[in-house]
Structure formats: C-alpha cells, structure tokens
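Undergrad: Before anything else, here's the structure in question.
The values are calculated or read from the model by the stated rules, or taken from the named source; none is laboratory data. Values in this document were obtained by computation on a predicted structure and should not be read as measured data. Here the Cβ is made from the backbone with ideal geometry for all residues, glycine too, and neighbour counts use every protein chain on show.
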Amino acid sequence: MKSREDLIIANWENLTSLWKTAATPFRGNFAGDVFDYAEIGNSDWPNRLWFHEDITQESVAKALERIESSNTRFTIPYRDIYHSQSNQILEKNGFTKTFEQVAMSLPLTSPFQLENKLDFRVISNPTDAKRWADIYPSAFGYRITEETLLNTMGSIEYILALKQNQPVGTAILFQTGSIAGVHGVGVIPEMRRKGLAEGIMKFVLNKAINNGAEYATLQASVMGKGLYLKLGFDEQFTIRNYVKAQK
C-alpha cells in the first residue's frame, strides 16, 4: 500500500505526465532545470507550465520570459504542499488565480455497480473523436481538439458517454504504473443533475481496475468534489491555477 506522501507524488506525476504525453506529437514539450511546460499551439489544452520546486522571484522571472515570448496562454498550477504562501510571488508579478482544484486519491479494490443509464465508447476513430471534441467545450468551457485525440488516443484513453446514442459526457483515463489518473469527467449542461457524472466515474474506475490499476487519482473542481467524496476519494492537496493578466 502506498503512503499518503507517495500518493501525493503519484497524483502530480500522473497529471504532468498526461500533459507531456498530450503535447509530445506536437513537439510541445520542454523540460528545464526550473520548470517544464507542455503546449499545443491550436488548442486550449494542455498549455501548462509548472515548477519543479517551491517558486521564487528568480524562477517566476524565468517563467515570465517564456510566457511573454509565446502566443500560448499558459496556466501555471500552484500546489500548496510547501505551506510557504509563495503564490503571492505569482500575484505580485501580474498573475491572476482563475480556478482551484483539490487533488484526491482512491484505492481501487472492488468494482462499482453500474446502472444502465449510459453507453460508452473509447475513442478509436475520427468520427468519435469529433463527437468527443465537439461536446467537451460545453462541459468545460475550453477546447481539446479533435487533432489532439487522433494523435494521442494510442496512449491516452478518451471516453465518450452516450444516452440513446447522443453524446452527453466525456472522460479521460491515463495510467502511469499502478496509478489511474481520471481527468476531464464532464456532462453537458442540459443533462446535469441526472446522476450521469456518477455513472461515468463508475465506468472509468471499473475500467481502471480492469487495466490493473491499484489507485485512482484526480483533481476535483468545486462542482465535482462532492461526488468524488461520495465515491470514497480522499483529499490530498489544493492546486491554485494562475494565468498572466492580459495587458
């Protein structure tokens, strides 16, 4: 069994590995001494820049050089694991917090019982990739392009949820070792509050168990946190996401 500290590290490594895997076909990865980043030019995602250690004025200055020389709108995920309030350095340098997430984990033991509310497809062809990419912005407010899916579906599992053959939700499953990272679980607005997100989560978690994963990790939004607690996830740490304020 992994310790709490090991699971915190595993959660973060799964998330950053997902970003790097998504950007690799587009040659959008950079690994440096101070920070890494992953970007796809014609997409809203992943477009993340993250620091290796607790941030300093010097490390933020280096990141600013990269951000200000690019047309990509990078998001900087700030973890509160250092308890240093160093996010204030970002704010003093013109970064604005856009949203928060709670990193969570769950030991995978027994499969979940599914209700027959939904059908599921793992994306494997251009038609389904387009259907997935078309509804994702409705659930999340930003785009993951069809091209991204087609170039990475061999290493990232993109899952489409359907009700009566109509796309209603999405999910992403990405495994690193014994860790199944669950990402992008969303339902289109007109189909919310019908228990569909719970059905998607249970399907994805069962798939992770079948894939041999021992733990699931995710980063919960305010809207999704209650569902994940209900399913047994434990809170690990908070991620505050920052972007550079527009001039």
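Undergrad: What's the number of the only condition in (1) in contact with a strand residue (DSSP E or B) (Cβ under 6 Å, 6 or more places away or on another chain); (2) farther than 30 Å from residue 198 by Cβ that residue 14 fails to meet?
TA: The one condition residue 14 does not meet is (2).
Undergrad: What are the pairs with Cβ atoms under 7 angstrom where one residue, in segment 228-247, is on the phi > 0 side of the Ramachandran plot and the other, located anywhere, is assigned to a strand (DSSP E or B)? Sequence gap at least six, or different chains.
TA: As it stands, the answer is 232/106, since those pairs meet every condition given.
Undergrad: Residues in segment 22-55 that are assigned to a helix (DSSP H, G or I) and either in contact (Cβ under 8 Å) with a residue 40 or more places away in the chain or polar (S, T, N, Q) (or both): how many?
TA: So the answer is 4.
Undergrad: Inspect all residues belonging to segment 159-167 and state whether any of them is closer than 29 Å to residue 2 by Cβ and modelled with pLDDT of 95 or more.
TA: yes
Undergrad: Kindly evaluate residue 195 against the criterion of being farther than 20 Å from residue 6 by Cβ and touching a strand residue (DSSP E or B) at 6+ places or on another chain (Cβ under 6 Å).
TA: For residue 195, the condition - farther than 20 Å from residue 6 by Cβ and touching a strand residue (DSSP E or B) at 6+ places or on another chain (Cβ under 6 Å) - is not met.
Undergrad: Within segment 4-21, can one find any residue that is within 26 Å of residue 179 (Cβ to Cβ), in a strand (DSSP E or B), touching a Pro at 6+ places or on another chain (Cβ under 7 Å) and touching a residue at least 12 places away in the same chain (Cβ under 8 Å)? First the steps, then the outcome.
TA: Taking segment 4-21 and keeping what is within 26 Å of residue 179 (Cβ to Cβ), we get 4-21.
Keeping just the survivors that are in a strand (DSSP E or B) gives none.
No.
Undergrad: Regarding residue 40, is this residue assigned by TED's automatic domain parsing to the domain that holds residue 97, surrounded by 19 or more Cβ atoms within 10 Å (Cβ to Cβ) and under 26 Å from residue 177 (Cβ atoms)?
TA: Answer is yes for this residue.
Undergrad: Identify the residue in segment 133-175 that is touching a Phe, Trp or Tyr at 6+ places or on another chain (Cβ under 9 Å) and among the acidic types (Asp, Glu) and, among all such residues, is farthest from residue 198 (Cα to Cα).
TA: 147
Undergrad: Under 7 Å between Cβ atoms, which residue pairs at least 6 apart in sequence (or on different chains) link something in segment 70-81 that is without any contact (Cβ under 8 Å) to a residue 40 or more places away in the chain with a partner that is surrounded by 15 or more Cβ atoms within 10 Å (Cβ to Cβ)?
TA: Pairs that qualify, where the first residue is without any contact (Cβ under 8 Å) to a residue 40 or more places away in the chain and the partner is surrounded by 15 or more Cβ atoms within 10 Å (Cβ to Cβ), are 72/39; 72/47.
Undergrad: Could you look through segment 210-247, keep only residues that are surrounded by 17 or more Cβ atoms within 10 Å (Cβ to Cβ) and among the hydrophobic types (A, V, I, L, M, F, W, C), and pick out the one that is farthest from residue 83 (Cα to Cα)?
TA: Of everything passing the filter in segment 210-247, 213 is farthest from residue 83 (Cα to Cα).
One line per residue, one yes/no per condition, for (1) out of contact with any Gly (no Cβ under 8 Å at 6 or more places or on another chain); (2) surrounded by 15 or more Cβ atoms within 10 Å (Cβ to Cβ); (3) at pLDDT below 95:
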residue: 65; (1), (2), (3): yes, no, no
residue: 70; (1), (2), (3): yes, no, yes
residue: 88; (1), (2), (3): yes, no, no
residue: 92; (1), (2), (3): yes, no, no
residue: 116; (1), (2), (3): yes, no, yes
residue: 122; (1), (2), (3): yes, no, no
residue: 132; (1), (2), (3): yes, yes, no
residue: 148; (1), (2), (3): yes, yes, no
